[in-house]
1. Per residue, how much accessible area does the range 66-173 show when a 1.4 Å probe rolls over the protein heavy atoms, in square angstrom?
2. On C-alpha positions alone, give me the angle between the axis of helix 17-42 and the longest principal axis of the chain, in degrees, nearest 10.
3. With equal scatterers on the alpha carbons only and no solvent term, can you work out the Debye log10 of I(q)/I(0) for the chain at 0.11, 0.18 1/Å?
4. Distance between the C-alpha centers of the range 50-129 and the range 144-166? Whole Å please.
5. Out of the total accessible area of the chain (probe 1.4 Å, heavy atoms of protein only), what percent is carbon and sulfur?
6. Taking only Cα atoms, what is the 0 to 90° angle, nearest 10, from helix 144-164's long axis to the longest principal axis of the chain?
7. Send over the per residue convex hull volume for the range 31-74, Cα only, as a whole number of Å³.
8. Would you be so kind as to identify which of ILE182, LEU130, ILE70 lies farthest towards the positive end of the dipole of the chain, taking Lys and Arg as +1 and Asp and Glu as -1 on Cβ and the Cα centre as origin?
Amino acid sequence: MNIEIFKWIHAGAGTRPVVDGLAVFFGEGGPYFLAVLFAVLWFFVDKNKKTALLEATEAAIIGLLVNQLIGLFYFHPRPYMVGLCTPLFPHGPETSFPSDHATLLFTAAFYLLFARRWEACGVPLLAVALLTAWGRVYGGIHFPFDMAGSLFVSLLSAGLLRLSARRLMPLNERLFRIINPITGQLIRISKRAAKER
């Protein structure tokens with residue numbers, strides 16, 4: 001079933017330039033979108049939402065650690081490693097289950113949506129997560145079941161972070177004391193540069 005669904009999603013890959021380009025863009029660029037989104041939001045939101053961004057980042061890190069743990073005990077080849085396709089973009093011959101890209105994005109989106117009720121950020125991020133998952137399957141890098149595994153890991157990681165959020169408050173307060181002076185300085189520099197123009 002995993003292979004059949006993969007073949008259905010991957011059909012036409014490499015022959016449709018626009019769709020191929022979108023798959024590569026989202027399949028490779030999803031984590032960069034997440035990093036840029038969180039960095040930009042940090043300058044414009046209040047402390048409560050900054051805490052949500054920190055916690056979503058911590059949840060995503062938990063998800064990636066869970067993936068690494070799974071990878072130590074279970075290896076699953078990628079589609080191109082078993083001769084099912086030629087990938088649209090290069091990737092090392094690592095285990096495919098679960099997808100780190102999808103886990104990163106789904107975990108952050110789920111945390112903001114379900115734990116923090118921040119739909120204005122969580123919904124667009126969830127859309128990018130879905131497009132990233134599609135792009136990596138369409139691009140021949142992952143199987144559909146890899147994405148199912150990522151969904152499970154993401155929900156687990158978001159739930160674990162939510163349960164641990166109170167214990168992480170001292171750590172997050174320290175992080176605020178480190179990050180805020182840096183961002184404050186960047187804002188002052190940008191304002192000074194704008195006045196000089």
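1. 47 Å²
2. 20 degrees
3. -0.57, -1.15
4. Distance between centres, Cα-based: 9 Å.
5. On the way: 7630 of 11000 Å².
Accessible surface attributable to carbon and sulfur in the chain totals 69 percent.
6. 30 degrees
7. 51 Å³
8. The residue sitting farthest along the positive end of the dipole is ILE182.
The values are calculated or read from the model by the stated rules, or taken from the named source; none is laboratory data. Note that this is a predicted model, so its numbers are computed, not measured. Every residue, glycine as well, gets a Cβ built from its backbone with ideal geometry; the counts of neighbours run over all protein chains shown. Accessible surface areas use protein heavy atoms only, side chains included; no ligands, DNA or RNA. Shrake-Rupley method; radii C 1.70, N 1.55, O 1.52, S 1.80 Å.
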